[in-house]
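Inspection log for the structure reproduced underneath, given as structure tokens.
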Amino acid sequence: MTGHINGHIDGHTNESALARRPGVMTIGDLAAATGVPVKTLRRQQDMGLICTLGRSPAGYRLFDQTALGCVAVIRNLRSLGLTETEIQSLITSFDAGGRLLGPPLATMLRRARARAQARISELQQLQQRIADFERLHHHALTGQPGAAHPWPWQPNPDTCCHDHPGDERHGDGPQHRKQA
């Protein structure tokens, strides 16, 4: 998203004109102001989610206060579970026809809710597996002698990947020792 802004035409920036403009930021400045990592801001700007003034002759991405608003909108939509691709689609559809954002946003929110519900189900299943394991191995987990069930993942020194003195498979054997 670039345009003609004092000192900026078609992606080329007159550095001296921008230097006189208050509020012009590099991507590092934008990251510091928003708390969003530079890598994320680059990706979002490349996707067209963040408005830019273009680049300086040295190649720095330049932003104004509008970018702060873009980042705030992205942050809000992401907090509702929308993906960056969905946000891009929403912005593209708005830019293309200026149509109301409500209906497509409602559809995306339903999808986000379904993803959240699927994740909740996965986490509930994980909680159940943990509870079942704790119940099954209660004696061993509490350090009580005579655990009725052996650990299902009991390490075997013959097959486990721990270094054992003299074990040639793990870098401690004779061929790996320095000759004195």
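Values for this structure:
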item: Distance in nm between pseudo-label sites at VAL38 and THR85 (7 Å out along the Cβ direction from Cα); result: 2.8 nm
item: Net charge of neighbours whose Cβ lies under 14 Å from the Cβ of GLY35, counting Lys and Arg as +1 and Asp and Glu as -1; result: +2
item: Karplus-derived 3J(HN,Hα), 6.51/-1.76/1.60, for each residue of segment 124-137, Hz, glycine and proline x; result: 5, 5, 4, 4, 5, 5, 5, 4, 4, 4, 4, 5, 5, 10
item: Two-site label geometry, MET47 and HIS139: point separation in nm, points 7 Å out along Cα→Cβ; result: 5.3 nm
item: Extended-chain gain in nm, criterion 0.36 nm per residue less alpha-carbon gap, ASP132 and SER93; result: 9.2 nm
item: For GLY54, residues with placed amide H under 5 Å, excluding near neighbours; result: LEU62
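FYI, it's all coordinate maths here, none of it is from the lab. Just so we're clear, the structure is a prediction, and the values are computed from it rather than from any experiment. Every residue, glycine among them, receives a Cβ derived from its backbone with ideal geometry; neighbour counts consider all protein chains shown.
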